[in-house]
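The values are calculated or read from the model by the stated rules, or taken from the named source; none is laboratory data. Fair warning: this is a prediction, and the values are worked out from it, not measured in the lab. Don't worry about glycine lacking a Cβ; one is built from the backbone with ideal geometry, like all the others, and counts go over all protein chains shown. Accessible surface is based on the protein model in full, side chains and every heavy atom, while ligands, DNA and RNA are left aside. Shrake-Rupley method; radii C 1.70, N 1.55, O 1.52, S 1.80 Å.
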Amino acid sequence: MSRPTLLAVAHGTHDPAGPATVRALLDRVRALRPGLRVAEAYAEIAAPSLEEAAREIDGPVVAVPLLLARGYHALIDIPGRVHEVCDPGTVTMARPLGPHPLLGDALIDRLAAESRDLASVDAVVLGAAGSSDPAGVADVRTAARMLSRRLGRPVAHGFVAAGAPGLPEVVARVREAGASRVAVAAYLLAPGFFHGRMAVAGADMVSPPIGAHDAVARLILRRYDEARARTARSVRDTRPTVLAGSVGGPGATMRPAT
């Protein structure tokens, strides 16, 4: 059987810098694993759409949502649409990217590049788009704890779209607690509308989106490999058990083969 194509499905944005960032990230994935077919797709707004990209794939597919938390797109929308276009027997869904420590590595690099001196920052807040799904909110909370451990300091979190608490309120709260210089670590994969909302949330600095970072490229491949391994285990578990002595008629002994 041929190696499945990695179908990378990002959210999508009107900002042309968004797809450009995704393409640069997928180029890093290809560089890390030469020979692997990697297809670019978007859940909405940008092109190619998920359906357009999936129809171009001949053979098995592992769909990897380029999303940092669970939610409607990762759990319902993308899996449903991929299975509508492709033969369900050829499709494996991977988990969304986050939360994962590799994303923390990338966030710290982006923060350090923006501030040049993280020691001068009094408070760090993880800024995320948000989700109406409690699982997505929980994932961002977990990501904030992971970043807190990596930085060795408390990291609050806030949202600029759905969910609570709102990022402007969190920034104001940490200022009231005594922080004079506040940094927002943008928990976003690519530029777009949500990054613009973070820029006006009242922080002194906002890191760039995570973007085309080697740690994220490695994480995409990890999610791809995890999904393939899960499928392989499922196939093994559904194979019939071969019983020693099952050939030989009514008196055969039925015991597992060793």
Restricted to segment 65-96 and to residues being touching a His at 6+ places or on another chain (Cβ under 9 Å) and either open to solvent by 30 Å² or more (accessible area, probe 1.4 Å) or outside any loop (DSSP other than H, G, I, E, B) (or both), the residue farthest from ALA172 (Cα to Cα) is VAL91
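Counting just the residues of segment 54-106 that are under 16 Å from the mean Cα position of the chain (by Cα) and of a type in the set (Ser, Thr, Tyr), which one comes out farthest from ARG141 (Cα to Cα)?
Filtering segment 54-106 for residues under 16 Å from the mean Cα position of the chain (by Cα) gives 62-79, 92-106.
Retained after the next criterion (residues that are of a type in the set (Ser, Thr, Tyr)): 72, 92.
Details: TYR72: 18, THR92: 27 Å.
By that ranking, first place goes to THR92.
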For segment 20-38, name all the residues that are under 20 Å from GLU56 (Cβ atoms) and in contact with a Gly (Cβ under 8 Å, 6 or more places away or on another chain).
LEU25
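Against the condition surrounded by fewer than 21 Cβ atoms within 10 Å (Cβ to Cβ), at pLDDT 95 or above, assigned to a loop (DSSP other than H, G, I, E, B) and not polar (S, T, N, Q), how does PRO99 come out, does it pass?
Numbers: surrounded by fewer than 21 Cβ atoms within 10 Å (Cβ to Cβ): no; at pLDDT 95 or above: yes; assigned to a loop (DSSP other than H, G, I, E, B): yes; not polar (S, T, N, Q): yes.
No, not satisfied.
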Just a yes or no: is a residue in segment 109-121 open to solvent by less than 60 Å² (accessible area, probe 1.4 Å), hydrophobic (A, V, I, L, M, F, W, C) and part of a loop (DSSP other than H, G, I, E, B)?
yes
For residues in segment 205-229 being β-branched (Val, Ile, Thr) and under 13 Å from the mean Cα position of the chain (by Cα), which is farthest from THR5 (Cα to Cα)?
ILE210
Log entry, pairs with first residue in segment 141-162 being without any contact (Cβ under 8 Å) to a residue 60 or more places away in the chain and surrounded by 15 or more Cβ atoms within 10 Å (Cβ to Cβ), second being in a strand (DSSP E or B) and among the small types (Gly, Ala, Ser), beta carbons closer than 7 Å, six or more apart or on different chains, reads ALA144/ALA156; LEU147/ALA185; HIS157/ALA128; GLY158/GLY127; GLY158/GLY166; PHE159/ALA128; PHE159/GLY166; VAL160/GLY127
